[in-house]
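Data block below; observations after.
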Amino acid sequence: MELNQYIDHTLLKPTATVEDIKKLCTEAKQYGFYSVCVNGAYVGLACSELMKSDIKIAAVIGFPLGAMTTKAKVFEAKQCIDDGANEIDMVLNIGLLKSGYHKIVQDEIALIKKAIGDNVLKVILENSYLTEEEKKIACQLSIDAGADFIKTSTGFGGGGATIEDVKLMKEVAKDAIQIKASGGIRDVETAMQYINMGVSRLGTSSGVTLVTSR
């Protein structure tokens, strides 16, 4: 598979304008990225812009803190799917995970997956806030809850993807769940390193740079 087909072309900045989202979608079509990843308010716009293409639309929910109520996250996920999203990238409840409330965290992931049905669910762990043991637990909870992917980070939490984290996630995941590396992926060498480690998707705002610098 070519590099472009690993890329979730991402724009989540709070200052992103309508024109910025349109440009994101134009670039996704031009370079054949797998998907665009946007905030919920722009799912409808992305859907309209990508109507005659095969490019998927991923929406983030509970973003970027993960600390919303489960009901709010479920509602947000359903709304994004209704608006045309194919994939949901959710932030798990970091504070509850660190408090040891593992069943609540797992149940929330499971409820969101149930709400979106056959659509893809990625669970953002926000590894920069977690201990090694917490990362392992978060991976296993995501698997047990029926999620499709575990994802390294939001890119807004003070740390992005690292080789060490992806290695740890892969050790827990094995073939039970896919991995998305996200945050700070700005050069081809790093991108290929993650792919060679078994990552299925790359979340990056530098997709154009990656595919044009090879």
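The values are calculated or read from the model by the stated rules, or taken from the named source; none is laboratory data. What you see is a predicted model; the values in this text were computed from it and never measured. FYI the Cβ positions are ideal-geometry reconstructions off the backbone, even for glycines, and counts take in every protein chain you see. These accessible areas exclude ligands, DNA and RNA; they are computed on the full protein's heavy atoms, side chains included. Shrake-Rupley method; radii C 1.70, N 1.55, O 1.52, S 1.80 Å.
Residues are listed down the side, and each one gets a yes or a no for (1) free of Cβ contacts under 8 Å to residues at least 24 places away in the same chain; (2) open to solvent by 10 Å² or more (accessible area, probe 1.4 Å); (3) basic (K, R):
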site: E126; (1), (2), (3): no, no, no
site: E134; (1), (2), (3): no, yes, no
site: C139; (1), (2), (3): no, no, no
site: T152; (1), (2), (3): no, no, no
site: E164; (1), (2), (3): yes, yes, no
site: E189; (1), (2), (3): yes, yes, no
site: M192; (1), (2), (3): no, yes, no
site: S200; (1), (2), (3): no, yes, no
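E27 versus (1) acidic (D, E); (2) open to solvent by 70 Å² or more (accessible area, probe 1.4 Å); (3) closer than 17 Å to G203 by Cβ: which is the lone unmet condition?
It is condition (2) that E27 fails.
Given K180, K170, which one is assigned to a strand (DSSP E or B) and out of contact with any helix residue (DSSP H, G or I) (no Cβ under 9 Å at 6 or more places or on another chain)? Give the derivation first.
Numbers: K170 fails: assigned to a strand (DSSP E or B).
Unique residue meeting the criteria: K180.
Count, please, the residues in the stretch 1-12 that happen to be open to solvent by 10 Å² or more (accessible area, probe 1.4 Å) and either in a helix (DSSP H, G or I) or at pLDDT below 95 (or both). Give the derivation first.
First, the residues of the stretch 1-12 that are open to solvent by 10 Å² or more (accessible area, probe 1.4 Å): 1-2, 4-6, 10-12.
Cutting the leftovers down to either in a helix (DSSP H, G or I) or at pLDDT below 95 (or both) gives us 1, 4-6.
Of the residues in the stretch 1-12, 4 are open to solvent by 10 Å² or more (accessible area, probe 1.4 Å) and either in a helix (DSSP H, G or I) or at pLDDT below 95 (or both).
What is the residue count in the stretch 13-24 for residues that are open to solvent by less than 60 Å² (accessible area, probe 1.4 Å) and farther than 15 Å from K56 by Cα? First the steps, then the outcome.
Filtering the stretch 13-24 for residues open to solvent by less than 60 Å² (accessible area, probe 1.4 Å) gives 16, 21, 24.
This time we only want the ones that are farther than 15 Å from K56 by Cα, so: 16.
The number of residues fulfilling the criteria is 1.
If the requirement is being touching a residue at least 60 places away in the same chain (Cβ under 8 Å) and more than 20 Å from A147 (Cα to Cα), which of these qualifies: E49, E27? Steps first, answer last, please.
Values: E49 fails: touching a residue at least 60 places away in the same chain (Cβ under 8 Å).
Of E49, E27, the one residue that is touching a residue at least 60 places away in the same chain (Cβ under 8 Å) and more than 20 Å from A147 (Cα to Cα) is E27.
From the residues in the stretch 91-116 that are touching a residue at least 40 places away in the same chain (Cβ under 8 Å) and either in contact with a Lys or Arg (Cβ under 6 Å, 6 or more places away or on another chain) or not in a strand (DSSP E or B) (or both), which one is surrounded by the most Cβ atoms within 10 Å (Cβ to Cβ)?
Quick first cut of the stretch 91-116, residues touching a residue at least 40 places away in the same chain (Cβ under 8 Å) only: 91-92, 97, 111-112, 115.
Narrowing the set further to residues that are either in contact with a Lys or Arg (Cβ under 6 Å, 6 or more places away or on another chain) or not in a strand (DSSP E or B) (or both) leaves 92, 97, 111-112, 115.
Numbers: L92: 27, L97: 23, L111: 16, I112: 25, A115: 17.
Only one residue tops the list, namely L92.
Among G146, G158, which is the only one that is out of contact with any His (no Cβ under 7 Å at 6 or more places or on another chain) and over 23 Å from E108 (Cα atoms)? Please lay out each step first, then the result.
Working: G146 fails: over 23 Å from E108 (Cα atoms).
Being out of contact with any His (no Cβ under 7 Å at 6 or more places or on another chain) and over 23 Å from E108 (Cα atoms) holds for just one of G146, G158, which is G158.
Right, L65: over 12 Å from the mean Cα position of the chain (by Cα), at pLDDT 95 or above and not hydroxyl-bearing (S, T, Y) or not?
Numbers: over 12 Å from the mean Cα position of the chain (by Cα): yes; at pLDDT 95 or above: yes; not hydroxyl-bearing (S, T, Y): yes.
For L65, the condition - over 12 Å from the mean Cα position of the chain (by Cα), at pLDDT 95 or above and not hydroxyl-bearing (S, T, Y) - is met.
When residues of the stretch 31-71 are filtered for being open to solvent by less than 50 Å² (accessible area, probe 1.4 Å), of a type in the set (S, T, Y) and not in a strand (DSSP E or B), how many remain?
2
What's the total number of residues in the stretch 117-167 that are outside any loop (DSSP other than H, G, I, E, B) and either within 22 Å of Q193 (Cα to Cα) or in contact with a helix residue (DSSP H, G or I) (Cβ under 8 Å, 6 or more places away or on another chain) (or both)?
Of the residues in the stretch 117-167, the ones outside any loop (DSSP other than H, G, I, E, B) are 120-124, 127-129, 132-144, 149-151, 163-167.
If we keep only those that are either within 22 Å of Q193 (Cα to Cα) or in contact with a helix residue (DSSP H, G or I) (Cβ under 8 Å, 6 or more places away or on another chain) (or both) as well, we get 121-124, 127-129, 132, 134-144, 149-151, 163-167.
Summing the residues that are outside any loop (DSSP other than H, G, I, E, B) and either within 22 Å of Q193 (Cα to Cα) or in contact with a helix residue (DSSP H, G or I) (Cβ under 8 Å, 6 or more places away or on another chain) (or both) in the stretch 117-167 gives 27.
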